[in-house]
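In what follows, a single structure is set out as structure tokens and then discussed.
The values are calculated or read from the model by the stated rules, or taken from the named source; none is laboratory data. The shown structure was predicted, so the numbers you read here are calculated from the model rather than taken from an experiment. Neighbour counts are summed over all protein chains in view; Cβ atoms, including those assigned to glycine, are modelled from backbone coordinates with ideal geometry.
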Amino acid sequence: MKYKYISWEAAVELSMRLSKLVLSEYSPDCIIAISRGGLVTARIISDFSGVEDVYSIKASLWGVGGRVSDDVVIRDTKLPISGLKVLIVDDVVDTGLTLSRVVDYVYRFSPSDVRTAVLHVKPTSRYVPNYYVDKLSEWVWVIYPWTTCEVVSAVIYKELGCNALKLSSDDIVTKFHELTGVDIDSTLYKDFIHIALRHYLSKLCRNRG
């Protein structure tokens, strides 16, 4: 498996580029972030565009332990968007299932127009967003700064199971590099990465008995 690590600086730059791309031809009345992946980028687009009405929809397909459902689970959310132009934002499109399901859900509330925007599109996606910054040439696991702890936990849990809970912060950073070849920002993460891993894995390990 291949990985692509995005730093905070790079993620902000990508989000700004996406903002410019969207606003070059579209003026949304409101923004809907797909939670959790689209939250940061949606906020940056909001800041760039001056669009203050930002909503979020919780849509789940995958979790640290693997696939959480056979279909996208959307938390019921009432959206006051009738007659409005809507921009739906996420960070990456993998299969396109989540984004397409969210688009269908948003149309229930009678917006005048709906468009979609993401940072990255993977070659496996059947859904092509209206706006994106980069179309990847091969499948990679994109690690955004807002998903770093989750990805580290998922990768190490897959390799070590609940034994991962015994690792120190330095051990976690080293082991993650061994498994992926990725150097995360250890200065930023290493002081609390073991705390994050414990929170992510405690429920999984408790359920395993």
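Only residues that are at pLDDT below 95 and aromatic (Phe, Trp, Tyr) were counted in the stretch 25-47, giving 0. If you go through the stretch 142-152 one residue at a time, do you hit one that is among the aliphatic types (A, V, I, L, M), surrounded by 19 or more Cβ atoms within 10 Å (Cβ to Cβ), under 19 Å from the mean Cα position of the chain (by Cα) and part of a loop (DSSP other than H, G, I, E, B)? Within the stretch 142-152 (the criterion being among the aliphatic types (A, V, I, L, M), surrounded by 19 or more Cβ atoms within 10 Å (Cβ to Cβ), under 19 Å from the mean Cα position of the chain (by Cα) and part of a loop (DSSP other than H, G, I, E, B)), the answer is no, since none of the residues qualifies.
Taken together, the residues in the stretch 96-124 that are touching a Ser or Thr at 6+ places or on another chain (Cβ under 9 Å) and among the acidic types (Asp, Glu) amount to 0. If I filter the stretch 162-191 down to residues being surrounded by 14 or more Cβ atoms within 10 Å (Cβ to Cβ), of a type outside the set (Val, Ile, Thr) and not in a helix (DSSP H, G or I), which single residue comes out as modelled with the lowest pLDDT? Within the stretch 162-191, the match that is modelled with the lowest pLDDT is Lys190.
Taking the criterion of being free of Cβ contacts under 8 Å to residues at least 40 places away in the same chain and not in a loop (DSSP other than H, G, I, E, B), the residues of the stretch 121-140 that qualify are Val121, Lys135.
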